[in-house]
2 protein chains.
Amino acid sequence: MNNSQQLFTQITSEGVLELSLKTVDIPSPKPHEVIVKIEAAPINPSDMWPMFGPADLREAKHDSEAQTTTAPVHPSMLPRIKSRLDQTLPIGNEGAGTVVAAGESAAAQALIGKTVGVLSGATYAQYCCVPLQACIVHNEGTVAKDAASSFVNPLTALGMVETMRLEGHTALVHTAAASSLGTMLNKICIAENVPLVNIVRKQQQVDMLKKLGAKYVIDSSSDTYKADLYKAIEETGATLAFDAIGGGELASDILTAMEQVGSKDAKGFNTYGSLTNKQVYIYGGLDFSPTVLNRAFGMTWSVGGWLLMRFLAKLSPERVGQLHKKVADEIKTTFASEFTDELSFEQAITPALMMQYNAKKTGEKYLINPTKK
Amino acid sequence: MNNSQQLFTQITSEGVLELSLKTVDIPSPKPHEVIVKIEAAPINPSDMWPMFGPADLREAKHDSEAQTTTAPVHPSMLPRIKSRLDQTLPIGNEGAGTVVAAGESAAAQALIGKTVGVLSGATYAQYCCVPLQACIVHNEGTVAKDAASSFVNPLTALGMVETMRLEGHTALVHTAAASSLGTMLNKICIAENVPLVNIVRKQQQVDMLKKLGAKYVIDSSSDTYKADLYKAIEETGATLAFDAIGGGELASDILTAMEQVGSKDAKGFNTYGSLTNKQVYIYGGLDFSPTVLNRAFGMTWSVGGWLLMRFLAKLSPERVGQLHKKVADEIKTTFASEFTDELSFEQAITPALMMQYNAKKTGEKYLINPTKK
């Protein structure tokens, strides 16, 4: 075990994406680092932009001998990604596997043989070297596939509830709520009695979440969408929303409903609307189109970006440790993930399969399993 | 001095705006209140929505005998203003005059005979009863007309700089920067060495601000607007903007330039953009159209409403007192206001003049002087 196969991405200043499988040396772990043999690494939506950038995957070509896949990037897109041009970069935000080597600290040594979930930028590899704080140590009986999605979705869901409490809100609105993340958030909110308004786009997603025990599920394709949203926000008192969509009028609709609820008993001019802060955090961008805010929600509102890693950096190490332990203890229940298929490295860079997972269909998620041939 | 003439506004649920001059009793001041004889009350943009709502002023009719003016409000607009319907409401956010009576506290008694600026919701009146904390006490030699705009513009300009410091920014961007408020902000920033990027819409406004000593003035109608904005933000390091426009892509342009500056030396994916928070506060709505955010500015950004009164409520009374004193000391220099004309009550509700001041032209501002016949 001296070297490791690993996936890399590069976009050249000539406008060519190149995905490649390379053999790299495995570093010697520093005292507080471990070497994890990766057995399951999910392809999350947040992996796809680093992996592919704005390349046109319909034109992708695979060379199985060179173990590369190339695809064109339109020259007009290059200025937007200039920071990454002509660099061979690792990919894979998270994954799980077995600790096979460790640095000399007792804390690192104690992990040998254990299943860990890791957060890294390089999990699409046979072996990954990570510091202890980027590991969630799993309990006996948890295998890599269970633990593959230990970080991004579980900690995002927990981070939303944590943000709600830290910023003085008492209920939540969540969009694209039928996602894996949305499912986890429902389980957490049900267990902790946090009122949660789920916004989805299809009746079958309503049914799925209702079956899970969700009380408020709004279908944005319904004729009664805005009235339903008002009613749910009125009943829950939600003044905080997390939005995975980003584009269009959804954030504006949510703020407008919050303001209508907040001002329903107002008298007089009410020029500046309700006093309570009404907040929408955009944490994803499923719709690339601009965010359109009608501003019919007074003067006490905010829309902003929310990013898990930057949020976690504000928490104490103790609190982060507690959240990690909760993820480990509930990885097969609250934080259980389902995967559509497992892909070998070769499959992961096969154009037809790339198109399939890059479609980001609700309920579809793929794993890379480096041990699969 | 038992009663006072005062302007009121009402919009009925039948869709009629009625402005009326009424005679009301003057209350006895409580211990910490004073009675101010109003001699100058500005008609600020922030007074116009309470005063007129969405009425069609082109159809306004004045009845000089009844001392009323009426104008139609389109029925479709009524739900938006339901909190105010069928209520006769006072108007006038600020003004100045002489303290003619005071409650029994020593602090109140000490103001008798002094010129004060007041913040109230009822300054379009001969006499106005206000608590001490809603007064800025002016120095000898300051007359009511000097002090008419003691609150809204001066404290908003000071509040912007205060917000900048409290939230850890070191430079400012300001839009609609050729306004009275913008002029004050330039004077403050020049005196306190705060880098300020002014955004205006015309070359003559550039010239005006440059003459005042402004270093960075960007003309959004110029062909080089975006490049100029980038350069000014790069040189100043501004990560905070106050926007009076609200509608359109201006906030988005500012955030985009801030992100481009913040990421100019980035290497690698830079998927989530620069780490520094990039903030735009919308404090006005000169453009009623939606705010359109392209979100090409990473994940660490925020756009939100900013309201003077809600901001001041977060400051300590000591700090508010210091800001009041600064306004009094610099009311003829930093915070000097110019007025286009003084109107009597009768003139203020004359349709042709209403149309004129409601046009909110840059550099035009009107005073109501209740002592004028």
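Determine the shielding of peptide A:283-295 by partner chains: average, over its residues, the number of Cβ atoms on other chains within 10 angstrom of each Cβ. Working shown, then result.
Details: counts 1, 1, 2, 0, 1, 3, 3, 9, 8, 5, 9, 5, 10.
Average per residue, whole number: 4.
What total accessible surface area, summed over both chains, is buried at the interface between chains B and A, computed with a 1.4 Å probe and given in Å² to the nearest 100?
Answer for the B-A pair: about 3400 Å² buried.
Where both residues lie in chain A, what percent of DSSP beta bridges are antiparallel, nearest 5? Let's see the in-between values first.
On the way: 42 of 67 bridges.
Antiparallel: roughly 65 percent of the beta bridges in chain A.
For peptide B:332-343, compute the average count of partner chain beta-carbon atoms within 10 Å of each residue's beta-carbon.
Values: counts 0, 0, 0, 0, 0, 0, 0, 0, 0, 0, 0, 0.
The shielding value for this peptide is 0.
Rounded to the nearest 20 debye, what is the charge dipole size of region A:153-311 about its Cα centre when +1 sits on each Lys and Arg Cβ and -1 on each Asp and Glu Cβ?
I would put it at about 140 debye.
Assuming a ≥ b ≥ c are the square roots of the Cα gyration tensor eigenvalues, decide whether region A:153-311 counts as rounded (a/c under 1.5), prolate (otherwise, with a/b larger than b/c) or oblate. Walk me through the numbers on the way to the answer.
On the way: a/c = 1.43, a/b = 1.33, b/c = 1.07.
Rounded, since a/c falls under 1.5.
Please label the shape of the protein assembly as shown as rounded, prolate or oblate, based on the square roots a ≥ b ≥ c of the eigenvalues of the alpha-carbon gyration tensor (a/c under 1.5 means rounded; beyond that, a/b larger than b/c means prolate, else oblate).
prolate
Peptide A:77-85: average number of partner chain Cβ atoms within 10 Å per residue?
The mean count of partner-chain Cβ atoms within 10 Å per residue comes to 3.
Taking the Cα centre of chain B as origin and charging only Cβ (+1 Lys, Arg; -1 Asp, Glu), how large is the dipole, in debye to the nearest 20?
Dipole of chain B, to the nearest 20 debye: 520 debye.
For chain A, calculate the relative contact order in percent as a whole number, restricting contacts to Cα pairs under 8 Å that are 6 or more residues apart.
Values: 798 pairs, mean separation 65.3, N = 373.
Normalised by residue count, the contact order of chain A is 18 percent.
Just to verify a number: FRET efficiency for A:Glu167 and B:Asn3, C-beta to C-beta distance, R0 = 45 Å, to 0.05? Walk me through the numbers before you get to the answer.
Details: r = 49 Å, r/R0 = 1.08.
In this case the efficiency is close to 0.40.
Anything over 30 Å Cα to Cα? Flag those among B:Lys187/B:Lys226; A:Lys325/A:Lys365; A:Lys22/A:Lys187, in the order listed.
Over 30 Å Cα-Cα: A:Lys22/A:Lys187.
Of B:Lys61/B:Lys361; A:Lys211/A:Lys361; A:Lys278/A:Lys326; A:Lys231/A:Lys264; A:Lys215/A:Lys278, which sit over 18 Å apart, Cα to Cα?
Where the Cα-Cα span goes over 18 Å, the pairs concerned are B:Lys61/B:Lys361; A:Lys211/A:Lys361; A:Lys278/A:Lys326; A:Lys215/A:Lys278.
Sum -39500 (n - 2.57) across every DSSP H segment of at least 4 residues in chain B, then divide by the residue count to get the 222 nm mean residue ellipticity, nearest 500.
Taken over chain B, the calculation gives -8000 deg cm²/dmol.
Sort B:Leu275, A:Leu240 by heavy-atom solvent-accessible area, probe 1.4 angstrom, most to least.
So the residues, ranked largest to smallest area, are B:Leu275, A:Leu240.
Return the whole-Å distance between the Cα centroid of region A:59-95 and the Cα centroid of region B:1-43.
69 Å
Taking each label point as 7 Å beyond Cα in the direction of the beta carbon, state the distances from A:Leu275 to the same residue in the other copies, shortest first, in nm.
Those separations, rounded to one decimal, come out as 3.8 nm.
In the protein assembly as shown, carbon and sulfur make up what percent of the accessible area (probe 1.4 Å)?
C and S fraction of accessible area: 51 percent.
Report the net charge of residues surrounding A:Glu162, where surrounding means a beta-carbon distance below 12 angstrom and charges are Lys +1, Arg +1, Asp -1, Glu -1. Numbers along the way, then the final one.
Numbers: positive: A:Arg165, A:Lys314, A:Arg319, A:Lys326; negative: A:Glu167, A:Glu192.
Once positives and negatives cancel, what remains is +2.
For the ranges B:139-150, A:218-229, what's the packing order if you count other beta-carbon atoms within 10 Å of each residue, average per peptide, and put the highest first? Don't jump to the answer; show the numbers that get you there.
Working: B:139-150: 19.9, A:218-229: 16.0.
Ranked by mean Cβ neighbours within 10 Å, highest first: B:139-150, A:218-229.
Relative to the other copies, what are the label-point distances for B:Lys373, with labels 7 Å from Cα along the C-beta vector, expressed in nm at one decimal and sorted shortest first?
Spelled out, the distances from B:Lys373's label point are 10.8 nm.
Starting from the residue with the highest accessible area, list A:Cys135, A:Cys129 in decreasing order, probe 1.4 Å.
Largest accessible area first, the residues go A:Cys129, A:Cys135.
Run the paramagnetic zone check for A:Ser289: 7 angstrom along Cα to Cβ, then residues of region A:196-230 with backbone nitrogen under 11 Å.
In region A:196-230, the label zone of A:Ser289 (backbone N under 11 Å from the point 7 Å along Cα→Cβ) covers no residue.
How would you classify region B:133-245 from its alpha-carbon gyration tensor, with a ≥ b ≥ c the square roots of the eigenvalues: rounded for a/c under 1.5, else prolate if a/b is greater than b/c, otherwise oblate?
prolate
How high is the FRET efficiency between B:Lys360 and A:Glu364 when r is their beta carbon distance and R₀ equals 51 Å, given to the nearest 0.05?
0.45
Report the extension gain between A:Ser316 and A:Trp49 in nm, rounded to one decimal, defined as 0.36 nm multiplied by the number of residues separating them, less their alpha carbon distance.
Numbers: separation 267, 0.36 × 267 = 96.12 nm, distance 2.99 nm.
This chain segment gains 93.1 nm when fully extended.
With a probe of 1.4 Å, find how much accessible area chain A has per residue, and write the answer as a whole number in Å².
43 Å²
Arranged from highest to lowest average of other beta-carbon atoms within 10 Å per residue, in what order do the peptides A:241-249, B:186-194 appear?
Taking the mean over residues of other Cβ atoms within 10 Å, the ranking is A:241-249, B:186-194.
With a Förster radius of 51 Å, plug the Cβ-Cβ distance of A:Ser76 and B:Asp63 into 1/(1 + (r/R0)^6) and report the FRET value to the nearest 0.05.
0.25
Roughly how many Å is it from the Cα centre of region B:116-158 to that of region A:331-358, as a whole number?
Cα centroid to Cα centroid, the span is 66 Å.
The values are calculated or read from the model by the stated rules, or taken from the named source; none is laboratory data. Note that the structure is predicted; figures quoted are calculated from it, not measured. Glycine also receives a Cβ, built like all others from the backbone with ideal geometry; neighbour counts cover every protein chain displayed. These area figures cover heavy atoms from the full protein model, side chains too; ligands, DNA and RNA do not enter into them. Shrake-Rupley method; radii C 1.70, N 1.55, O 1.52, S 1.80 Å.
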